[in-house]
């Protein structure tokens with residue numbers, strides 16, 4: 001059986017082309033979920049580091065959620081459309097559907113991004129940031145493992161890479177928020 005990664009990188013028969021199209025949509029979905037988790041979490045943790053106001057965290061989180069979903073969908077649509085245009089110019093028919101990839105990317109960004117937003121809004125006081133970090137790291141472990149499985153790779157290295165990247169983003173934005181909040185800038 002051909003791995004999804006093999007189909008994506010080495011060409012495809014008509015049957016494998018359909019698999020490649022689905023694989024591209026799934027890839028966009030995993031990437032969108034991961035980006036939603038990290039982007040929204042980094043913003044809400046940064047704002048929570050600067051301010052204890054629920055309203056400020058909610059507004060920042062919702063703006064990150066909607067803005068990120070639209071940006072991911074647009075980027076995915078443009079990317080897949082450009083790829084498909086090149087394939088058509090080369091006489092290759094079929095390929096991935098840019099609308100399906102865009103919808104998958106936006107929906108998965110929203111799904112991933114809502115997790116840290118819910119966590120930071122439900123947690124109270126000093127537990128707000130730690131609870132959000134735990135929820136985010138658990139979600140990132142799932143997306144890291146899922147991405148590895150889709151690519152036919154062992155899960156450990158991609159999962160650790162995803163956790164480290166997400167953890168660094170959270171640490172950076174929380175530190176900036178804390179610094180700006182305690183200095184009176186925010």
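The values are calculated or read from the model by the stated rules, or taken from the named source; none is laboratory data. Note that the structure is a prediction, hence the values are computed from the model and not measured. Note that each Cβ is placed from the backbone with ideal geometry, even for glycine, and that neighbours are counted across all protein chains shown.
With respect to residue 141, is the statement that it is assigned to a helix (DSSP H, G or I), at pLDDT below 95 and closer than 20 Å to residue 30 by Cα true?
On the way: assigned to a helix (DSSP H, G or I): yes; at pLDDT below 95: no; closer than 20 Å to residue 30 by Cα: yes.
Considered against the rule, which asks whether it is assigned to a helix (DSSP H, G or I), at pLDDT below 95 and closer than 20 Å to residue 30 by Cα, residue 141 comes out as no.
Go through the stretch 66-103 and give me each residue that's in a loop (DSSP other than H, G, I, E, B) and surrounded by fewer than 15 Cβ atoms within 10 Å (Cβ to Cβ). Can you show your working first?
Restricting attention to the stretch 66-103, the residues satisfying the condition of being in a loop (DSSP other than H, G, I, E, B) are 90-97.
Matches in the stretch 66-103: 90, 91, 92, 93, 94.
Considering only residues that are surrounded by fewer than 19 Cβ atoms within 10 Å (Cβ to Cβ) and under 18 Å from residue 58 (Cβ atoms), which ones fall in the stretch 104-126?
Step one: list which residues in the stretch 104-126 are surrounded by fewer than 19 Cβ atoms within 10 Å (Cβ to Cβ), which gives 107, 111, 114, 118, 121-126.
If the condition is that a residue be surrounded by fewer than 19 Cβ atoms within 10 Å (Cβ to Cβ) and under 18 Å from residue 58 (Cβ atoms), then 114, 118, 121, 122, 123, 124, 125 are the ones that fit.
Scan the stretch 58-65 and tell me whether some residue there is surrounded by 23 or more Cβ atoms within 10 Å (Cβ to Cβ), more than 30 Å from residue 177 (Cβ to Cβ) and touching a residue at least 12 places away in the same chain (Cβ under 8 Å).
No, because not a single residue in the stretch 58-65 is surrounded by 23 or more Cβ atoms within 10 Å (Cβ to Cβ), more than 30 Å from residue 177 (Cβ to Cβ) and touching a residue at least 12 places away in the same chain (Cβ under 8 Å).
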